[in-house]
Amino acid sequence: MSEPSTVDEIVTEVTKFSAAMRAAMQRHAQASNWLDRRRARKDISRLVRVERREQDQARTQHLTWTNQAVDRYRVHANAVAVRAGDPAVDHTRRARDARALAEHREALGAQFIGDRHLTRTEQGIALDGLDAATVFPEFTSGDMFARAHKVKGIQALHYRARVARETLAVERAAAERGGWYGGWAHTRTPSAGQSRYRAEMVWTDQDGGRLAESRWHPSEHGAADWMRRTIDDTAYRPGTTVHAQVEDTRATHAGGRVLFDRSGDPQFVAAGVQDREHTLRARAATGQQHVDRPVPGAGAEGDRSRGVVESLQTRLNLSIEHNGQLTDRNGRLTQQLAAVTADRDQQQQAQESYRLYLQDLIADRDRLQAELDGADTELADTVADRDRLRGERDEAVAKLAERTPAAERYGSPERQAEHAKTAREPERSALADYQPGHALAEAVARNGAGRDGFEHDGMQR
């Protein structure tokens, strides 16, 4: 039994919010005092905040799922492109791959334009992401809605026109096939000649967000392969559960027979899908007649099967927990390695800086040594000049001493004795030696010369 559509969930949530808001407004209208009115206003504010928070969470989840759906489509397109260029792949396989890729593109386009949590601009961005993944599957698109809030003007009109064209194309294709598309999954009943097996996957995260995807396939093996690729290509958060189901719509008239049904974490469901694929391959290899059997779940056999499944689920959960611990440890070691590598790079940079600084110091040392050698040479020349001048001075002093009498030589014993003798004589008046006929200036000059320590030859009296 398929999950309810997104439109029904939105209608249910809106109905609940409307009923709660009407009750709060009625309490506010019937309040008899200011305290009751205040409480009613607080209840209304709380309801509005809760509704906004839930809408924001749902919108964030749908944006994330849309990015992941585009990335899964890109991986599918890349695989088809690789097989198309492989000479070992025949034309039948290439045609089948192209048809499956076109159906995948059509289904995602119908999902995007039917998602009421996305604006028209965001729907156009998602459709452009699909086109880009079709033409250039080797390039990842990243977060397509990172700058969606800045899209305005002509570019916003371009995205809206893109959504209108896609809506028209989907409606035209639905009219031609006699079916209709809506919500997150197209739920039409195939007629004779159309795909027989309906594969559906419902993703539920730990916050309650849900995403349903369904595809029609001509064989059960194609349905199992699509579910396995979807699980492998989806980046899910811890705590996400998956419900996978394959239904044969031609088995009965009352909704078809369920051929595969499994719920749990993605690893557990992927293991079940792989087991189903192995069974189908073995059946095809042995040429066994395909006999549809109901899914075990009723009676004693079903109880035993559920017990085995629960035991395996418990062991798998323990293994996943251990794997999570190892993953956390690996993350910590990776962070430590990154820190050590950054420290090593920093040390290398510092070592390089010190090496350059040392080279500068060596260059300065060589320059100063050269200057010092030049100064030593100049000093040696200066000392040589000093010695030469000193020799010339000594030679000149010797010549002067030879030519000067001993009594007139500066510093000679004879001159010092004469100077001492003159110092012991009493001082005489300037007019003591004055006689008639001699000038007064001569006596004053002679007396002054005696006091100054100058020696004169005998003067005329």
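The values are calculated or read from the model by the stated rules, or taken from the named source; none is laboratory data. No experiment lies behind these values; they were computed from the predicted model shown. Note: ideal-geometry Cβ built from the backbone for every residue, glycine included; neighbour counts use all protein chains shown. Ligands, DNA and RNA are excluded from the accessible area calculation, which covers all protein heavy atoms including side chains. Shrake-Rupley method; radii C 1.70, N 1.55, O 1.52, S 1.80 Å.
Kindly write out, for segment 410-419 in residue order, the coupling ³J(HN,Hα) from the Karplus curve 6.51 cos²θ - 1.76 cosθ + 1.60 (θ = phi - 60°), rounded to whole Hz, with x marking Gly and Pro.
5, x, 6, x, 5, 5, 5, 5, 4, 5
Lys and Arg at +1, Asp and Glu at -1: add these up for the other residues within a Cβ distance under 12 Å of Thr382 and post the number.
Summing Lys/Arg as +1 and Asp/Glu as -1 gives -3.
List, in order, the whole-Hz ³J(HN,Hα) value for each residue of segment 152-159 obtained from phi through the Karplus relation with A = 6.51, B = -1.76, C = 1.60 and θ = phi - 60°; use x for Gly and Pro.
9, x, 4, 5, 5, 5, 4, 5
Ordering Arg72, Arg229 from largest to smallest accessible area (1.4 angstrom probe), what's the sequence?
Arg229, Arg72
Tally Lys and Arg at +1 and Asp and Glu at -1 over the other residues with C-beta under 11 Å from the C-beta of Gly239: what net charge comes out?
That sum, taken over residues with Cβ under 11 Å, equals -2.
Starting at the first residue of segment 215-231, write each ³J(HN,Hα) from the Karplus equation 6.51 cos²θ - 1.76 cosθ + 1.60 with θ = phi - 60°, in whole Hz, x for Gly and Pro.
So the Karplus estimates, Gly and Pro as x, are 9, 9, 9, x, 9, 5, 4, x, 5, 5, 5, 5, 5, 5, 5, 5, 5 Hz.
Enumerate the amide H contacts of Ser412 below 5 Å, restricted to partners 5 or more residues apart or on another chain; note that Pro and chain-start residues carry no placed amide H.
none
Just how far, in whole angstrom, is segment 230-246 from segment 21-51 if you go by their alpha carbon centroids?
Answer, in whole Å: 41.
Do me a favour and compute the ellipsoid semi-axes for segment 54-154 from its Cα gyration tensor, root of five times each eigenvalue, largest one first, whole Å.
For segment 54-154, the ellipsoid semi-axes come out as 30, 13, 11 Å.
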